Amino acid sequence: MDYVESLLEEYFEISQTIKWENDTKSAPSELMETLLSIEEEICWEFNVPPTNKYRDLFRWIPDSTTKQNYVQTSMQNLSREKARYFYKPNQSFLEGFKAA
């Protein structure tokens, strides 16, 4: 999970940079593309689809949060949602492994 933590730290830093540059009313497009690629990579590392539902788990960063707190909270949220994504109580064990 060290890799995901480093991705979340990088995401936090770039988000802060964009927030500071937002005063100029234009965030550089390469920074926005970097954020989107990091979001996708984090989702793939957690084996969940890179949809808005899962990206929103770490996308919104409160102003008063620290980087360490943000990473810890995001890891907890992603782990919890990953468990929910794979847990399907109405599906038998063998049905989950049927070929498409």
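Shown in residue order for region 71-78 are the 3J(HN,Hα) couplings computed by the Karplus curve 6.51 cos²θ - 1.76 cosθ + 1.60 at θ = phi - 60°: 5, 4, 5, 5, 4, 5, 4, 5 Hz (x for Gly and Pro).
Bridgeable aspartates and glutamates around LYS19 (alpha carbons under 19 Å apart, same-chain partners fewer than 8 residues away excluded): GLU9, GLU10, GLU30, GLU33, GLU39, ASP56, ASP63.
Rule-based calculations on the coordinates, nothing more; no lab input. The model shown is predicted, which means the values in this text are computed figures rather than measured ones.
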